[in-house]
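What follows is a short report on a single structure.
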Amino acid sequence: MATIPSVKQFSDRVGRIEVSATMAVVAEAAKLKAEGADMVEFGAGEPHFPTPQHIKDAAIEAIQKNFTKYTPVPGILELRSAIVKRHAADFGSDYKPEEAVASTGGKLALFNAIQVLVDHGDEVIMPVPYWVSFKDIVEYAGGKCVYVDTDEAAGFQLTAAMVERKLTARTRAIILNSPNNPSGAVIAPEDFTAILKLAHQRGIYVIADECYVYLNFTGHNFSAGSVAEAREHTVIIGSLSKTYSMTGWRLGYSLAPVAVASAIAKLQSQNTSSTAHMIQKAAVVALNGPQECIARMKAEYIQLRDQILGELAKIPKITCAKPEGAFYVYPNVSAYFGRQGVNSAAEISRRLLHEAHVVTVPGEAFGTREHIRLSYATSPGDIKRGLERMRDWFAKLA
Ligand SMILES: Cc1ncc(COP(=O)(O)O)c(C=O)c1O
């Protein structure tokens, strides 16, 4: 009998990536919840606030007025103008509407930017810990991730010198995310500026993921877009998801020199086309309307951060750098390695999920082995309950 030649089922491309670890944890937790478990969830990176009412009203009105059709791929002019106006007002940038492309979430904006800029064999520098999707999106494009280790004792700070040491002739781009998911670290504006300049001088792109740019607790909001002399090689990734508590609306954007923005729009014309019309109309209202909601949410995040740091401090041997932004803590749990067969953050996270019904994300997803990530975008009551459960669980392990 003739043998059937083995046929490859999937592309090499898709074989290079994994399901987003955060999404996987959320799915596993949902399964336990459906079975009746009382979960405390620190897994998903999403604000616990409802979307502000005036934004919801704008979307409803847009549907009623039949803004329900295809739009130009990079978004309606009204939205592209609102994006650049908001950015200029808040960060002193000078982008033009044709340099803004609205996408179905910041994740797609990032995906498009990386596919447009990175070729096979290109090196892309990123600090560790990194947001889970940076690595997979770069590898999907055929790029090679070059990691810059940061020091936990120094609050996971990234300096220009640390980046400079990793530059080679193959460096194509540097991905920076400040405030950082998962560590909450904020890159000092002087270092950020120095990195932008050294990249620009060498023709290297900086992709600045600014999804948490408004959740900066240092008192000095900083955007890469404010460094005009490097703008030719700067791509900003923005999102309304965290800023206005609009994760499910899927509205993100890129800001980039017109040639890059046009290439992003070209790629987007072959994947999703535009983001939904009524969502674009609501986004215009979010960006042009009252901004007090951001300050209100930020003030609450700062309180929640302080609460969760206080609760973590009650668990012996766990250390945690103080986050300066976003809404995550990234405690080091490695002091418990070697106890009862536990040898990794992944194992701790898995056992916390199943034994304590507390949802966390293991540090392996972000490039470090010794940490777990907790999102504190939740209620003070859940922080108390969840951290009590963790304290009991770690006490049994000790
Ligand atoms: C660092 C970072 N970038 C981008 C995103 C994507 O956000 P969205 O696609 O909801 O705009 C997230 C979401 O968690 C994130 O944490």
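The values are calculated or read from the model by the stated rules, or taken from the named source; none is laboratory data. As the structure is a prediction and not an experimental result, all values here were calculated from the model. Glycine gets a Cβ as well: all are built from the backbone with ideal geometry, and neighbour counts include every protein chain shown. When the accessible area is computed, the model is the full protein with side chains, heavy atoms only, and any ligands, DNA or RNA have been set aside. Shrake-Rupley method; radii C 1.70, N 1.55, O 1.52, S 1.80 Å.
Does segment 203-213 include one or more residues that are open to solvent by 10 Å² or more (accessible area, probe 1.4 Å) and touching a Leu at 6+ places or on another chain (Cβ under 6 Å)? Yes, there is a match, as at least one residue in segment 203-213 is open to solvent by 10 Å² or more (accessible area, probe 1.4 Å) and touching a Leu at 6+ places or on another chain (Cβ under 6 Å).
So that you can scan it fast, the table gives a plain yes or no per residue for (1) in a helix (DSSP H, G or I); (2) open to solvent by 20 Å² or more (accessible area, probe 1.4 Å); (3) not aromatic (Phe, Trp, Tyr):
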| position | (1), (2), (3) |
| --- | --- |
| Asn343 | no, yes, yes |
| Ala346 | yes, yes, yes |
| Arg351 | yes, yes, yes |
| Glu355 | yes, yes, yes |
| Glu364 | yes, yes, yes |
| Arg373 | no, no, yes |
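When the residues of segment 133-147 are filtered to those that are within 16 Å of the ligand (Cβ to nearest atom) and touching a helix residue (DSSP H, G or I) at 6+ places or on another chain (Cβ under 7 Å), the one that is most open to solvent (accessible area, probe 1.4 Å) is Tyr140. Of the residues Glu46, Glu28, Glu41, Glu35, which is modelled with pLDDT of 90 or more and more than 16 Å from the ligand (Cβ to nearest atom)? Unique residue meeting the criteria: Glu35.
Given the criteria part of a helix (DSSP H, G or I) and either in contact with a helix residue (DSSP H, G or I) (Cβ under 9 Å, 6 or more places away or on another chain) or open to solvent by 70 Å² or more (accessible area, probe 1.4 Å) (or both), does Lys56 qualify? In short, yes. Restricting attention to segment 303-312, does a residue exist that is of a type in the set (S, T, N, Q), under 22 Å from the mean Cα position of the chain (by Cα) and surrounded by fewer than 19 Cβ atoms within 10 Å (Cβ to Cβ)? Yes: segment 303-312 contains one or more residues that are of a type in the set (S, T, N, Q), under 22 Å from the mean Cα position of the chain (by Cα) and surrounded by fewer than 19 Cβ atoms within 10 Å (Cβ to Cβ).
The numbered conditions (1) within 14 Å of the ligand (Cβ to nearest atom); (2) in contact with a helix residue (DSSP H, G or I) (Cβ under 8 Å, 6 or more places away or on another chain); (3) in a helix (DSSP H, G or I); (4) not polar (S, T, N, Q) are all true for Gly238 except (3). Taking residues in segment 236-250 that are hydrophobic (A, V, I, L, M, F, W, C), and partners anywhere that are near the ligand (Cβ under 7 Å from one of its atoms) and not in a loop (DSSP other than H, G, I, E, B), the pairs with Cβ atoms closer than 8 Å and at least 6 places apart or on different chains are Ile237/Gly106; Ile237/Leu110; Ile237/Asp209; Ile237/Gly252; Leu240/Gly252. Considering segment 99-117, the residues that are part of a helix (DSSP H, G or I) and more than 8 Å from the ligand (Cβ to nearest atom) include one that is surrounded by the most Cβ atoms within 10 Å (Cβ to Cβ), namely Ala113. Here is the figure for segment 223-235: residues that are out of contact with any Ser or Thr (no Cβ under 7 Å at 6 or more places or on another chain) and either closer than 16 Å to Ile264 by Cβ or within 16 Å of the ligand (Cβ to nearest atom) (or both) total 4.
Residue by residue, here is whether (1) touching a Lys or Arg at 6+ places or on another chain (Cβ under 8 Å); (2) at pLDDT below 95 holds:
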{"position": "Ala313", "(1), (2)": "no, no"}
{"position": "Lys317", "(1), (2)": "no, no"}
{"position": "Gly325", "(1), (2)": "no, no"}
{"position": "Tyr328", "(1), (2)": "yes, no"}
{"position": "Arg339", "(1), (2)": "no, yes"}
{"position": "Ser344", "(1), (2)": "yes, yes"}
{"position": "Val359", "(1), (2)": "no, no"}
{"position": "Arg369", "(1), (2)": "no, yes"}
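If you go through segment 118-132 and keep only what is surrounded by fewer than 22 Cβ atoms within 10 Å (Cβ to Cβ), of a type outside the set (Asp, Glu) and not in a strand (DSSP E or B), you end up with His120, Gly121. The set of residues from segment 190-218 being among the aliphatic types (A, V, I, L, M), under 24 Å from Ala169 (Cα atoms) and assigned to a loop (DSSP other than H, G, I, E, B) comprises just one member, Ile204.
Residue check: is Val7 part of a loop (DSSP other than H, G, I, E, B) and at pLDDT 95 or above? No. Tallying residues that are part of a strand (DSSP E or B) and within 16 Å of the ligand (Cβ to nearest atom) within segment 286-333 yields 3. Applying the criterion of being over 15 Å from Val358 (Cα atoms) and polar (S, T, N, Q) to the residues of segment 1-40, the residue that is most open to solvent (accessible area, probe 1.4 Å) is Gln9. Count of segment 246-274 residues, restricted to those that are assigned to a loop (DSSP other than H, G, I, E, B) and open to solvent by 10 Å² or more (accessible area, probe 1.4 Å), is 6.
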